[in-house]
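Below is one structure, written out as structure tokens; comments come after it.
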Amino acid sequence: MTRVSRDWIKQLPKPELHVHLEGTITPQAYARISRRNGLEPAADPAALFACSDFESFLRSFLKVVRVLRQPIDFAELAYDYLKASAYDGVRHVEFFLSPATQRKLVPELDLEHLVRAVAEACARAERHFGTTSLLLFDMVRNLGEAEAIADLDLAQRCRGYRVVGIGLGGDERNFPARDFRAVFERAEALGLRRTVHAGEAAGAHSIEDGIELLHAERIGHGVSARGDRRVMEIVRTNAVAIDACPTSNVVTGAVRRIDAHPLYEFLSEGLLVTLSSDDPAFFGASLVDEYAALADQGFPEIELVNLARNGFRASFASEEQKKGWLAEVDRFAMSR
Ligand SMILES: [Zn+2]
């Protein structure tokens with residue numbers, strides 16, 4: 001069997017649907033932004049980003065995110081990530097942004113202004129590099145319904161700034177989906193798209209609740225559906241995509257090793273699995289690295305092409321854009 005080359009992976013037209021804007025900050029950008037905001041960066045920024053489990057990830061993440069204080073900080077992150085992504089053959093990115101976290105950390109920040117600055121950076125990156133992008137507000141379970149409502153109101157005001165939907169992240173064990181039912185119902189009525197982090201730290205019931213109570217169209221991680229035919233059936237019959245982030249799952253301990261990741265099982269069960277990097281700066285793997293890790297496990301080219309196709313299908317972009325990307329993938333696959 002010929003090994004899939006990294007060059008081939010870079011040339012494969014692909015989307016990324018699950019990446020947190022705050023999680024794309026590189027150690028260099030962290031040091032630069034800290035100084036600009038009058039904060040002393042950690043003496044060894046690279047060491048600050050190193051994490052080995054969920055607790056150390058959370059600790060690092062909070063320390064790093066704390067330095068983001070102005071709209072320009074977020075705008076730079078978006079532009080730089082889209083630039084790097086374009087170089088890696090990524091055609092479309094859907095960024096999570098967490099307004100509730102910023103509301104806590106920097107209460108005086110004008111969040112509408114922040115989102116507008118990010119949207120302008122996305123438009124600039126699209127003009128310069130061709131990679132398109134959309135924004136999703138990731139509500140934080142731990143911060144409760146009132147903050148989620150504030151996020152939803154902000155999303156509604158920011159529809160002109162590339163915001164097309166909402167997500168739900170945070171502690172899924174102690175803050176279940178049902179607490180956010182009313183918010184998600186309202187979002188759906190407003191025509192906002194919906195994705196939910198579930199089945200990462202809690203059991204398969206969390207995935208089921210995300211789909212049945214919150215009408216999630218995509219599930220982030222979904223790891224705990226493994227071996228649960230009933231929940232996999234719910235995922236399949238509702239045409240819900242699973243946004244798999246294998247390296248993230250290995251670092252946080254949701255799976256032991258890449259080759260033990262349930263995405264193999266999900267694909268053989270006919271689920272719509274997509275591939276993403278989640279918080280690439282902290283987990284130490286880009287989207288290309290994620291594809292390469294699967295190639296190293298023996299994934300043939302055709303399976304990697306299918307993952308890219310699944311991602312375009314499950315994206316929240318327009319049907320016309322999706323058709324264009326899928327045709328591009330077909331041309332790429334035929335030319336090989
Ligand atoms: Zn995530």
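Coordinate-derived values only; no laboratory data. All values derive from a computational prediction rather than experimental measurement. Glycine gets a Cβ as well: all are built from the backbone with ideal geometry, and neighbour counts include every protein chain shown.
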- Message: List the trypsin sites (Lys or Arg not before Pro) within segment 49-84 that DSSP assigns to loop and that have no more than 15 neighbouring Cβ atoms inside 10 Å.
- Response: Arg66
- Message: So if I restrict to the alpha-carbon atoms in the chain, what is the Rg, and what is Dmax, the biggest pairwise distance, in Å?
- Response: 18.6, 57
- Query: If each residue's Cβ is checked for other Cβ atoms within 10 Å, how do Val164, Val223 rank with the fewest at the top?
  - Reply: Val164, Val223
- Query: Nearest 20 debye, what's the magnitude of the dipole of the chain about its Cα centre given +1 on Lys and Arg Cβ and -1 on Asp and Glu Cβ?
  - Reply: 580 debye
- Task: Just tell me which lysines come within less than 17 Å, Cα to Cα, of Lys14; anything on the same chain fewer than 8 places away is out.
- Result: Lys83, Lys322, Lys323
- Among Ile207, Val93, Ser268, flag the residue with its Cα farthest along the positive direction of the charge dipole of the chain, charges on Cβ as +1 for Lys/Arg and -1 for Asp/Glu. Val93
- Message: Along the charge dipole of the chain, pointing to its positive end and built from +1/-1 on Cβ of Lys, Arg, Asp and Glu, which listed residue (Gly165, Thr132, Phe283) has its Cα farthest out?
- Response: Thr132
- Note on the structure: Excluding residues fewer than 8 positions from Lys104 in its own chain, the lysines with Cα under 20 Å of it are Lys63
- Message: Pairs of alpha-carbon atoms within less than 8 angstrom and 6+ residues apart define the contacts here; what relative contact order does the chain have, in percent?
- Response: 20 percent
- Message: Which of Ser335, Ser133, Ser34 has the fewest other C-beta atoms within 10 Å, and how do the rest follow up to the most?
- Response: Ser335, Ser34, Ser133
- Per DSSP H run of n ≥ 4, the term is -39500 (n - 2.57); total these for the chain, divide by its residue number, and report the mean residue ellipticity at 222 nm rounded to 500 deg cm²/dmol. -15500 deg cm²/dmol
- Could you please rank Leu192, Leu105, placing first whichever residue has the fewest other Cβ atoms within 10 Å of its Cβ? Leu105, Leu192
